[in-house]
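So the structure is just underneath, and the comments pick up after that.
The values are calculated or read from the model by the stated rules, or taken from the named source; none is laboratory data. Not measured: the values here are computed from a predicted model. No Cβ is skipped: glycine too gets one built from the backbone with ideal geometry, and neighbour counts run over all protein chains shown. These accessible areas exclude ligands, DNA and RNA; they are computed on the full protein's heavy atoms, side chains included. Shrake-Rupley method; radii C 1.70, N 1.55, O 1.52, S 1.80 Å.
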Amino acid sequence: MRFSSNSLLLGAVALVSAIPVQDSPRQRLLDGKPLPGKYRSKNPYTPGYRDPYDTAVDSIGKGLDPLPWRNGDGASVLGPWNRERARQNPDLVRPPSTDSGNIPNLRWSFVDSHIRIEEGGWTRQTTIRELPTSIELAGVNMRLDHGAIRELHWHKEAEWAYVLSGSVRVTALDYEGGNFIDDLSQGDLWYFPSGVPHSLQGLDPNGTEFLLIFDDGRFSEESTFILTDWFAHTPKSVISKNFHLAPEVFERVPKREKYIFQGSKPGSIEEEEPKGKNVKKSKYQFTHRMLEQEAHVTSGGKVRITDSKNFPISKTVAAAHLDMEVGSLREMHWHPNADEWSFFIRGRARVTVFAAEGTARTFDYQAGDVGIVPKNMGHFIENIGDEPLEVLEIFRADEFRDFSLFQWLGETPRRMVVDTLFADDKEAGEKFLKEIDNPVKDEITLPDVKNDEEEDDL
């Protein structure tokens, strides 16, 4: 039998095409591997996209519109759709395949809080009313213009604060009748125990803005004990007796609380501090320079911790300040002594909270958002944006405490770790044991391993 050259050529082509190429799309799918970017859609919110590793997607930074497609499952949206909200919450629109079960909402944005506008400033709050999981702590974001005063007042709750911008003067009176005055700037803290009377005034030409934390999620700014409110609801005859002056002297005191108001421009502390033989300075230090602390440097950022160990008066609030590099991870961990109340100052992040019983949920955060992680629930914070991530972790506790998953496994008998995680893959178990050998706690870690999704630079 004779064969033409064309027939031989066609036969050879057919034979070659029947042999699977080791790294062909077909062979990778047969091997259970993801397709490289050149063979699939690069938009993760399409039916053709595949990602078996649930890689984070920065929908805001990449200008993507999240849709409920995941590894071929899901469908398009036909009804009303808030695209901006979807971009802010991509992991609610398309949750990781590892999410499961019901977890209450653990995210709130201050932009959704009602703002109370006053002369020279404003305030808004995140409490158990706005975020029902904010049980242990409540937060207030306040702005005071230059010279504006948050008038003399006190609270049932202790007050902890972090200066976000500008400068502010704080005054207080301690339990022994000692007075305290200090000027604070960005990154500084103050703490006033329950009942300690105090005031705040914006100093910088642009005033100040700060985050207030109260050690009870039920707190309300409306429940504050305010000087002018007390005067307005006390008979003038009583005020007269208390201050040894005629009632007429108090004829024009405010008829209601002033709360926030424009005051006169303050002088220096030396010019304004009280003087007299009966006046004494407080022996307590109500303020602290958090960002002036020496940072604990990790592979992926910096950590500063402030609690009663280095800020002794702060008996009910502890905090950590995190500076996280692009691509870094606040390692998998949990807190045994308090719920975590996080405030995101800069950047974008995702957090998955593991609640036991096969339950986990992922939330996304950006600047101005509040996150809750209940006590003992495992979680991480991943910087998914294109800029450093700055976060405050705040706790109703006298000390900051956490458990590192990496450290725990590294200090557990090796046999037990392999039997638990790698009984069916001894080779992977050996790689894992090598990595966690002689573990060093790395609170913010920067992995040098990338999967196919990250290498494709979605």
Once phi for every residue in region 130-144 is put through the Karplus expression 6.51 cos²θ - 1.76 cosθ + 1.60 (θ = phi - 60°), the whole-Hz ³J(HN,Hα) values, with Gly and Pro written as x, are 7, 10, x, 7, 7, 7, 8, 9, 10, x, 10, 9, 10, 10, 10
Which of rounded, prolate, oblate describes region 308-400, given a ≥ b ≥ c as roots of the alpha-carbon gyration tensor eigenvalues and a/c under 1.5 marking rounded, otherwise prolate only if a/b is larger than b/c? oblate
Rank by packing, highest mean first: peptides 73-81, 327-335, 142-150, with packing defined as the count of other Cβ atoms within 10 Å averaged across residues. 142-150, 327-335, 73-81
With label points built 7 Å along Cα→Cβ from the Cα atoms of His114 and Ala428, find their separation and express it in nm. 5.2
Between Asp73 and Asp448, what FRET efficiency comes out of the Förster formula 1/(1 + (r/R0)^6) with R0 = 35 Å and r the beta carbon distance, rounded to 0.05? 0.60
Between the modelled labels at Thr412 and Asn278 (7 Å from Cα along Cα→Cβ) the distance in nm is 6.5
Apply 1/(1 + (r/R0)^6) to the Cβ-Cβ distance of Phe225 and Glu292, taking R0 = 45 Å, and write down the FRET efficiency to the nearest 0.05. 0.90
Please find the FRET efficiency linking Glu84 to Lys62, where r is the Cβ-Cβ separation and R0 is fixed at 25 Å, and quote it to the nearest 0.05. 0.95
Across 10 Å bins from the origin, how do the percents of Cα pairs in region 147-208 run, short distances first? 23, 55, 21, 1
Which of (i) 39, 23, 20; (ii) 47, 28, 21; (iii) 57, 25, 18 gives semi-axes √(5λ) of the Cα gyration tensor in Å as computed here? It is (iii)
For Ala158, which sequence-distant residues (separation of 5 or more, or a different chain) have an amide H within less than 5 Å of its own amide H, given hydrogens modelled in the peptide plane? Ser194, Asp215
Leaving out same-chain residues fewer than 8 places away, which aspartates and glutamates sit with a Cα under 18 Å from that of Lys258? Glu118, Glu119, Asp145, Glu151, Glu221, Glu222, Asp229
Go ahead and collect, in residue order, the members of region 163-188 whose backbone nitrogen is under 17 Å from a label point 7 Å along the Cα-Cβ direction of Ser268. 169, 181-184
What GluC sites (Glu not before Pro) in region 380-449 are in a loop by DSSP, with at most 15 other Cβ atoms within 10 Å of the Cβ? Glu399, Glu411
Part-to-part distance (alpha-carbon centres) for region 311-361 and region 248-298, which is given in Å: 32
Cut-off 13 Å between beta-carbons: net charge of the residues surrounding Phe219, Lys and Arg +1, Asp and Glu -1: -4
Of the accessible area of the chain, with the probe set at 1.4 angstrom, what percent is carbon plus sulfur? 54
Skip the ligands, DNA and RNA, and give the accessible area per residue of region 299-442 with a 1.4 Å probe, whole Å². 45
